[in-house]
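Notes for the one structure printed next.
The values are calculated or read from the model by the stated rules, or taken from the named source; none is laboratory data. Remember, predicted model here, so these are calculated numbers, not experimental data. Reconstructed Cβ throughout: ideal geometry from the backbone, glycine too, with neighbour counts over all protein chains shown.
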Amino acid sequence: MNTNPAAEVARDDSEGMDYLVSLPRRMVTVYLPILCFLIVLLFPFYWMGLTSIKPNDELIDRSLNPWWVVDPTIAHYYHLIVNTDYPVWMWNTMLVAVTATLLSIAASVMAAYAIVRIRYAGSRWVGGMIFLAYLVPPSILFIPLALVVFQYGLFDSPMALILTYPTILIPFSTWLLMGYFKSIPYELEECALIDGASRWQILTRIVLPLSVPGIISAGIFAFTLCWNEFIYALVFISSSENKTVPVAVLSELVEGDIYHWGPLMAGALLGSVPVCIVYSFFVEHYVSSMTGAVKE
Amino acid sequence: MAEVRIRDVRKSFGHVEVIHGVSVDIADGEFVVLVGPSGCGKSTLLRMIAGLERISDGQILIGDRVVNQVPPKERDVAMVFQNYALYPHMKVYDNMAFSLKLRGADVGDLDARVRRAADILGLTALLDRFPRQLSGGQRQRVAMGRAIVRDPQVFLFDEPLSNLDAKLRVQMRTEIKELHQRLTTTSVYVTHDQIEAMTMADRIVVMHDGIVEQIGEPLELYDNPRNTFVAGFIGSPAMNFVRGTVRANGGPGRLEAGEGVSFPLGDGWSAHDGRPVVYGIRPEHLVMAEPGQPAVDGEIAVVEPTGAETLLVSRIAGAEFQAVFRERHAFRPGERVALAPLLDKVHLFDAETGQHL
């Protein structure tokens, strides 16, 4: 403890985050908690990476250090890419995720704008109902949806997923964008209206450019959800060449009760790479969109 | 340029009528200020002229055209908003060019018009900046530039100076007035600040609770307010009011205000003998009483010197009275002072209706 009275006075006057100034304190209050979080969050990735480069005999040998690899190999990756349909699954997942995301965002932008900005009876009510739709769990919704998918003859095709994913994505994206559009001042649109813009021009030339961060975060959300989605992909797709990564890795790399741990982990790790790339590009927008649209 | 005629316009939100039949004729090239306390309907009226609010009843004409059903973009009006409403993602140049681009204006013409407007407002050096890089006054100027570029028939201003600090407000007030003298475009200007109204307007429309209380030139409203609302709203510091009864007794009359206090009246009030009235006198029309002059006695409560003039608050008959002196007196709180109203400047209003007598 510092007993110098002058220093005490100075500390009393200080405010905010100044208590973090000295290094030992910063260690305890900042770095240590961050380290704990990092370990908890990153350990699964470490384990995936480790397992995916361990040769099979090392994987089952219990006398070796399980936290390390002695003789790393890329055999599992080779097996995954050459001997399985992994590249096809990857392409399927990408196709489904990108298309469903684009569809959902386009629909959500228009829905959110109409609900927030166009005055008509029941607009608020519609907003509430849309959110209600989001609360229905997919694990219940997949049964009626399966019937619809069958009726339209979409079963076992990418379209089955492209058209059903928006049922989860649109409600949430619409809600996220509604909040975003609300933070754009009315006067901007009124001014544009007087300046001679039509509703469509207001949307495309004023509202959308100002909502880019919001749209990006809705897009990231939708893309991630599509990429990781499991239950619809499991139910609506049956043939191996149409499967998406999360389902295929599990159904094609597990034979009965034999788990091919090496390729399984390699597949899971490769499968999370695209999402990581998307996040790393847009993380700033993602964060800034949480704090409102127009800052003057 | 065009005249604007507002004929018995009403506006209801649901079942609540907020504007109860307003009629104003605005001449071509005139600068009219709508003024009133907040909630009086002045902004709603302006928004109806712009086409941002539907007109519930009555008519608005711009030029010779009834515009009730005309969408905003076809009314050929330009509006300056209180928070400027600059498009944050566009540079100053694009903000000013936006409406012309939407109209598909020829690129050379567009550029010439933007540069001319920028030149008028001293914005030429700022054309490449974004709104967030500008100060409040500069943003205000860009908002006006955006209006000027279009060369509209009518300018509409919705409290454009409210977000500026006091000094800048005075400066921009002058700029807007100069601009109007130069462009002579019909302008409708909404404000709650009566000083802004007085200094800028060709004519003022005083609104209160959804009706027009009085329309007139600034000094006409100041000298001849039609009722107590206008009398109290126009002028700063505000007019002093006291309730009482007229006693004419033949010659110069007086007003009995109760508690044994009476205020002197001039000649010509004998017809109102015994009538309960509101007596109004402006602070600058109270002077130090000469010996023998009819006056009223008060106790000094507060002295506020501003340099150019001194504001004296004194208590008379339980009410506070303000008086303004340009000459300097040695006032002290607690002392007594004899104030003489200038008799030809006294206003009497009916105690019931508030109408000027």
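Starting from residues that are charged (D, E, K, R) and part of a loop (DSSP other than H, G, I, E, B), keep the ones in the range B:73-95 and report whichever is farthest from the other protein chains (Cβ to nearest Cβ). Give the steps one after another, and end with the answer.
Of all residues in the range B:73-95, those charged (D, E, K, R) come to B:73-76, B:91, B:94.
Restricting the remaining residues to those that are part of a loop (DSSP other than H, G, I, E, B) gives B:75-76, B:91.
Details: B:R75: 8, B:D76: 10, B:K91: 13 Å.
Looking at the filtered set, the residue picked out is B:K91.
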Restricting to helices (runs of 4 or more DSSP H) lying wholly in the range B:156-257: which have 3 or more residues that are buried (at least 20 other Cβ atoms within 10 Å of the Cβ) and touching a residue at least 60 places away in the same chain (Cβ under 8 Å)?
B:194-200, B:228-233
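May I ask you to say which residue of B:E327, B:E309 is within 15 Å of B:R282 (Cβ to Cβ) and without any contact (Cβ under 8 Å) to a residue 60 or more places away in the chain?
The conditions single out B:E309.
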List every residue pair whose Cβ atoms lie under 8 Å apart, where the two residues are 6 or more positions apart in sequence or sit on different chains, the first residue falls within the range A:206-234 and is free of Cβ contacts under 8 Å to residues at least 24 places away in the same chain and within 20 Å of A:F142 (Cα to Cα), and the second residue, located anywhere, is part of a helix (DSSP H, G or I) and among the polar types (S, T, N, Q).
A:L234/A:S251
Among the numbered conditions (1) within 9 Å of chain A (Cβ to nearest Cβ); (2) hydrophobic (A, V, I, L, M, F, W, C); (3) not in a helix (DSSP H, G or I), tell me where B:F98 comes up short.
(3)
When you go through B:V33, B:V66 one by one, which is the residue that is crowded, with 22+ Cβ neighbours inside 10 Å and away from chain A (no Cβ under 14 Å)?
B:V33
Within the range B:312-326, is even one residue touching a Pro at 6+ places or on another chain (Cβ under 6 Å) and over 15 Å from B:V242 (Cα atoms)?
yes
Can you name every residue in the range B:302-341 that is more than 29 Å from the chain's Cα centre (by Cα), over 20 Å from B:G260 (Cα atoms) and of a type in the set (A, V, I, L, M)?
B:A330
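Please state which one of B:V33, B:V70 is of a type outside the set (D, E), in contact with a Pro (Cβ under 9 Å, 6 or more places away or on another chain) and outside any helix (DSSP H, G or I). Lay out the reasoning, then the answer.
Working: B:V70 fails: in contact with a Pro (Cβ under 9 Å, 6 or more places away or on another chain).
Just a single option satisfies the conditions, and that option is B:V33.
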(1) of a type outside the set (D, E); (2) out of contact with any Pro (no Cβ under 9 Å at 6 or more places or on another chain); (3) over 21 Å from A:V249 (Cα atoms): which one isn't true of A:T99, the others all being true?
(2)
Every listed condition ((1) part of a helix (DSSP H, G or I); (2) touching a helix residue (DSSP H, G or I) at 6+ places or on another chain (Cβ under 8 Å); (3) surrounded by fewer than 20 Cβ atoms within 10 Å (Cβ to Cβ); (4) modelled with pLDDT of 90 or more) holds for A:L147 save (2)
